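Everything below concerns the one structure shown next.
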Amino acid sequence: MKAVYMKEHGSSDVLEYGELLEPSITEGQIKIQVKSCALNRLDIFTRLGVRGTRIKFDGPHVLGGDLSGDVVEIGSQVTRVKVGDRVVINPKSVCRQCDQCLNAEDELCTKPNMLGSTMNGGYAEFVVTSGSTAVKIPDQITYTQAAAIPTVFLPAWSILIRRGALKPWETVLVVSSSSGVGSAALQVAKNVVGSTVIATTSSEEKANLSKSLGADEVVNYNSEDVIERVKELTDGRGVDVVIDHVGTDAWAYSLPSLGVGGRYGICGVSSGYKAELQMGSLFLKNQTIFGSFMGKMADLPRIVELVARGVLKPMVHKTFPLRDAAKAHELMESREFFGKIILEV
């Protein structure tokens, strides 16, 4: 099969396009003919071997967690899908044996796997994964749209709906709204919850796009003082919820913008993973800080349904043919995009 793979960590030059053996399945797995695969910041980190993503190479490694396609083969124990189904995949698969999984807390699985990271992913014509991770997609959702769903809408849903319990009368701060997670969070906060949304971004063009997705106010963190602007917009109260996928760079203005009783959800550290915390302010203001990696599998079908109904819209910035994966990586590293970058297989 055709695939883009790497044999060592490094720049985009380590991505090779060529032939690999087609993978085989076990009784609990499915094989998918990949149609679209979205890039994620995790792909960049894994390619570089940073942020805890170093691979012990025992052969070519295939990146790519978010993918959609057609089921072409199923194992004997698979019941969720059948051959011929159009599906989108949750890139995180769980063991279904640890105490957390048995207690229906699959997002807390102690032995998870991740497509493109701990196992070969979707930069290929075929991929094999657990049959329990597949969700059927209706005809009105394209493969490209479907691939742009999981790794951005699942953490946004987990932080805003499940963990942060955002209310319609509350205000949320969406950090770096031009990213995949940011553009997803804008829509979940506005279209699903109906809250007031303040977004941060880096340019007027991105600010206008953010407003088109539901942001009530947008603050340019390159030219404005975010802390002071948020105070103005909230009459000094601060926001009720923060969704942060950026890490170090955003922490300095996001945490001071969090109000009394506020909830701060972290799902990424693209700018760095170390920050200083004023613990006195944390307990005096009764604030909560929590991390969220992906989300519950049960949330993905609900999100897919809302996309099919037009309530949520995956934002796709640009598509590339599979062989141009290196160019797609270079675009992501430039940060000159809004939404998702997709490889068409």
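The values are calculated or read from the model by the stated rules, or taken from the named source; none is laboratory data. None of these values were measured; they are calculated from a predicted model. We place every Cβ from the backbone using ideal geometry, glycine too, and count neighbours over all the protein chains shown. We work out accessible area using only protein heavy atoms, side chains counted, and drop any ligands, DNA or RNA first. Shrake-Rupley method; radii C 1.70, N 1.55, O 1.52, S 1.80 Å.
Assorted remarks:
- Trypsin sites (Lys or Arg not before Pro) restricted to segment 6-76 and DSSP loop, no more than 10 other C-beta within 10 Å: Lys56
- Remark: segment 193-233 carries a charge dipole of roughly 140 debye about the Cα centre, counting +1 on each Lys and Arg Cβ and -1 on each Asp and Glu Cβ.
- Using only side-chain charges placed at the Cβ, +1 for Lys and Arg and -1 for Asp and Glu, the dipole size of segment 1-135 relative to its Cα centre rounds to 180 debye.
- The mean sequence separation of alpha-carbon pairs under 8 Å and at least six residues apart, normalised by the residue count of the chain, gives a relative contact order of 18 percent.
- Percent accessible area from carbon and sulfur atoms, segment 73-142, protein chains only, probe 1.4 Å: 46
- Long pairs among Lys211/Lys313; Lys7/Lys274; Lys206/Lys318; Lys211/Lys296; Lys190/Lys313, criterion Cα-Cα beyond 19 Å: Lys7/Lys274; Lys211/Lys296
- Positive-end ranking of Gln187, Tyr253, Ser203 along the dipole of segment 179-259, with charges on Cβ about the Cα centre, is headed by Gln187.
- Computed over protein heavy atoms with a 1.4 Å probe, the accessible surface of segment 108-188 works out to 29 Å² per residue.
- The alpha carbon gyration tensor of segment 1-119 gives principal lengths a ≥ b ≥ c with a/c of 1.5 or higher and a/b no greater than b/c, which makes the shape oblate.
- DSSP beta bridges fully contained in the chain are about 55 percent antiparallel.
- Gyration tensor (alpha-carbon) shape descriptor, segment 143-218, a/c threshold 1.5: oblate
- The reciprocal of the average 1/r between distinct C-alpha atoms defines the Kirkwood hydrodynamic radius, which for segment 211-303 equals 14.5 Å.
- Evaluated over the chain, the Cα radius of gyration and Dmax, each in Å: 19.8, 60
- Surface composition of segment 145-290: carbon plus sulfur atoms contribute 50% of the solvent-accessible area (1.4 Å probe, protein chains only, all chains present).
- Highest average first, the peptides 127-133, 207-213, 251-257 ordered by how many other beta carbon atoms sit within 10 Å of their residues are 127-133, 251-257, 207-213.
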